[in-house]
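The values are calculated or read from the model by the stated rules, or taken from the named source; none is laboratory data. Everything numeric in this text was worked out from a predicted model, so none of it was measured. Cβ coordinates were reconstructed from backbone atoms using ideal geometry, including for glycine residues, and neighbour counts include every protein chain displayed.
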Amino acid sequence: MGSEPWSFDKHLVVMQRYDNDRPLEDIKYDRTTFWVKVHGLPMRYMTIEAVEKICRVVGEVIKQSESKIYDGSNFIRVKVSVDITMSLCRSLLISLKDDKQVWVSFKYERLPNICYWCGRLTHDDRDCKI
């Protein structure tokens, strides 16, 4: 389970743990985990705490004990549980302490097919209702 997201023929495959205590109908296949790279942050704000706060827009941040999350490059990455029924967040305008605003962009590692019209992972461009 730790190596998600999974894909088959570039289409997302979502799996969930089953705990034997609830009916199969109650299991929701609406979340998957991605490593998300945050680009465009000033070096001063390249901290795990700041990026975890920013990535709450993307989904539920999963705390990591791994020290290789930031290696001195121009991005920092965190693991995020994403609701696949919602559109993926591609960028965000954030306000810094000195009243400056900066656009940060999110890049998802191992991203499968996605609908470029609405940004969802549940279908691709050909099947979009938009």
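Here are the numbers:
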quantity	calculated
Any pair with Cβ under 8 angstrom, 6 or more apart, that starts in the range 72-93 at a residue that is touching a residue at least 60 places away in the same chain (Cβ under 8 Å) and ends at one that is in a strand (DSSP E or B)	Ile84/Leu12; Ile84/Arg31; Ile84/Thr32
Looking only at the range 1-47, and only at residues there that are in contact (Cβ under 8 Å) with a residue 60 or more places away in the chain and of a type in the set (Ser, Thr, Tyr), the one that is surrounded by the most Cβ atoms within 10 Å (Cβ to Cβ)	Thr32
Residue check, Val57 at pLDDT 90 or above, under 15 Å from Val36 (Cβ atoms) and surrounded by 14 or more Cβ atoms within 10 Å (Cβ to Cβ)	no
Residues of the range 1-28 satisfying the condition of being modelled with pLDDT under 80 and closer than 17 Å to Thr85 by Cβ	Glu4, His11, Gln16
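For every residue, the table says whether it meets (1) without any contact (Cβ under 8 Å) to a residue 40 or more places away in the chain; (2) under 28 Å from Phe8 (Cβ atoms).
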position	(1), (2)
Val58	no, yes
Ile62	yes, yes
Lys100	yes, no
Val104	no, no
Leu121	no, yes
